[in-house]
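Heads up: the structure comes next, in structure tokens.
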Amino acid sequence: LQRIDEFPDAHFVLIDDVDASGAEFDPIGTAERPFTGSLDGNGHTITSLTVRGSSRVGLFAVTDGSIISNVSLVDPAAGIATPASTSVSKTALLAAEGSNDAVRNVRISGEMTAAGEAGFVFAEGTGFELENISVDGTLRAANAGSDVQALSNVGGVLGSTGGPYRSPSAAPNLTARG
């Protein structure tokens, strides 16, 4: 899973469930080199994902024109793991920052610890297409020593959007609980 970052414009298909227990994961993509490929989970589940990072934290840090489909993210180990001194601006379990992406048939459940803008699918997104998305989770503010870090623009599916949202159908089936 971590090696996807080496090929940001490639197309990936999961062939089995991924148990990420006991490992910390670095987000895929950067502002300079976003993930532009596709990830087809093929109906598989990624469990116990703990992501570490700096300003953009999620399975994907930055995406642009990507397609993410048919995958479940379940029971993140401790949510988003960041050092207390890190200034996180965007936190999501799927993608911290995305533009012009298509996300279909994705299920996210569990707890997430976040700072800054936060959403389970995108912390910030623009020009995206969402269909058949299910979120069942709890969002908690991160602690930096004795201080609780601020959350802003928080949402179950999406923290904030700077542009249009598209759906291939009149009823895109978006569900958020928790």
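The values are calculated or read from the model by the stated rules, or taken from the named source; none is laboratory data. Source: prediction; values computed, not measured. Glycine gets a Cβ as well: all are built from the backbone with ideal geometry, and neighbour counts include every protein chain shown. SASA here: full protein model, heavy atoms, side chains in, ligands and nucleic acids out. Shrake-Rupley method; radii C 1.70, N 1.55, O 1.52, S 1.80 Å.
Here are the numbers for the structure shown:
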| item | result |
| --- | --- |
| Cβ pairs under 6 Å, 6+ apart, first in the stretch 91-115 and on the phi > 0 side of the Ramachandran plot, second at pLDDT below 90 and of a type in the set (D, E, K, R) | Gly110/Asp75 |
| The stretch 30-60 - residue that is in contact with an Asp or Glu (Cβ under 6 Å, 6 or more places away or on another chain) and outside any loop (DSSP other than H, G, I, E, B) and, of those, surrounded by the fewest Cβ atoms within 10 Å (Cβ to Cβ) | Arg52 |
| Any chance Val121 is buried (at least 24 other Cβ atoms within 10 Å of the Cβ), in contact with a Phe, Trp or Tyr (Cβ under 8 Å, 6 or more places away or on another chain) and without any contact (Cβ under 8 Å) to a residue 40 or more places away in the chain | no |
| Qualifying positions in the stretch 1-29 - more than 19 Å from Ser89 (Cβ to Cβ), open to solvent by less than 50 Å² (accessible area, probe 1.4 Å) and in contact (Cβ under 8 Å) with a residue 40 or more places away in the chain | Leu14, Ala20 |
| Top-ranked residue of the stretch 108-121 - restricted to ones that are modelled with pLDDT of 85 or more and within 11 Å of the chain's Cα centre (by Cα), ranked as nearest to Glu32 (Cα to Cα) | Val121 |
